[in-house]
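The values are calculated or read from the model by the stated rules, or taken from the named source; none is laboratory data. Values in this document were obtained by computation on a predicted structure and should not be read as measured data. Cβ coordinates were reconstructed from backbone atoms using ideal geometry, including for glycine residues, and neighbour counts include every protein chain displayed. To get the accessible areas, we keep the full protein, side chains included, count just its heavy atoms, and leave off ligands, DNA and RNA. Shrake-Rupley method; radii C 1.70, N 1.55, O 1.52, S 1.80 Å.
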Amino acid sequence: GPLGTEALCKTLTTLPNLTMLNLSAVNAGVDGARSLADALRGSNLQRTLLHLIFGYNAIGSDGVTYIVEAVGRRCRILETLRLHNNDVTSDGAKSVAIELLLCKALRVLDLGGNKIGDRGIEMIAEYVGENSALKRINLQDNSFTRRGAQALIQMLHLIKQFPKNERIQRLSIVGCHRLKDETKVQLREAASQLSDFR
């Protein structure tokens, strides 16, 4: 719960060499997300943490904003960030897109199982198009429609001009039930034009 997460996060700040942290499904809530963000900002974690997994914690958009602000501004070597199944809406996705532009080492971003709509996906697509380090993004089981998918398609067309090692290589939209089959086909066609893309 939130109090246990807070206590644990205070202990985390004393660990000098932690590279991976998995706090999934601990019922952290928004207060727990704030505690984790404080730990990331005020400790050696910002110089050592490579993988952060914080799914299934019902932290919502406010909680995600706390996390990505701390990560984007402090954890410059973080490679994996998983914030799946956290009730994140487009407001939270906007924070992700803005704050993580500063996180140049990030290679894997998992936002699956949330409630991100078209406006959030448009921001994420813009973020992905501007990020040469990111290699995998999970957007499966979110709430966007054709409008959000069109932003992803435009992003895929844009990154065709980038070298393979400077663009995303995997995008997952499985379980996005508001997308019609026709739109899914358009996404697949855009992705098929990129070599080594899955």
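Summary of values
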{"quantity": "Under-30-angstrom lysine pairs by C-alpha in the chain, whenever the two are 8 or more apart or on separate chains", "calculated": "26"}
{"quantity": "Area of I77 that stays accessible when all protein chains are in place (1.4 Å probe, Å², to 10)", "calculated": "70 Å²"}
{"quantity": "Folded to 0 to 90 degrees: helix 29-41 orientation relative to the chain principal axis, Cα", "calculated": "80 degrees"}
{"quantity": "Equivalent ellipsoid semi-axes - Cα gyration tensor, the chain, angstrom", "calculated": "30, 19, 12"}
{"quantity": "Estimated inter-spin distance, A7 and D196, nm [label 7 Å along Cα→Cβ]", "calculated": "4.8 nm"}
{"quantity": "Portion, in percent, of the accessible area of the chain that falls on carbon or sulfur, probe 1.4 Å", "calculated": "48 percent"}
{"quantity": "Sequence of I124, I53 when ordered by accessible area, the most exposed leading, probe 1.4 angstrom", "calculated": "I53, I124"}
{"quantity": "Per DSSP, loop trypsin sites (Lys or Arg not before Pro) in segment 26-55 with at most 10 further Cβ within 10 Å", "calculated": "none"}
{"quantity": "Rounded accessible area per residue of segment 40-106, 1.4 Å, Å²", "calculated": "36 Å²"}
{"quantity": "Rounded accessible area of S192 (nearest 10 Å², 1.4 Å probe)", "calculated": "90 Å²"}
{"quantity": "Using distinct alpha-carbon pairs, which all enter the 1/r mean, Kirkwood radius of segment 1-90 in Å", "calculated": "12.5 Å"}
{"quantity": "Sparse-neighbourhood loop sites, trypsin sites (Lys or Arg not before Pro) in segment 128-170 - DSSP loop, at most 13 other Cβ within 10 angstrom", "calculated": "K160"}
{"quantity": "Largest-first ordering by accessible area, 1.4 Å probe, given options T5, T14", "calculated": "T14, T5"}
{"quantity": "Helical mean residue ellipticity (222 nm; -39500 (n - 2.57) per DSSP H run of 4+; nearest 500) of the chain", "calculated": "-14500 deg cm²/dmol"}
{"quantity": "Approximate spin-label separation K184-N44, in nm, with each point projected 7 Å along Cα-to-Cβ", "calculated": "4.8 nm"}
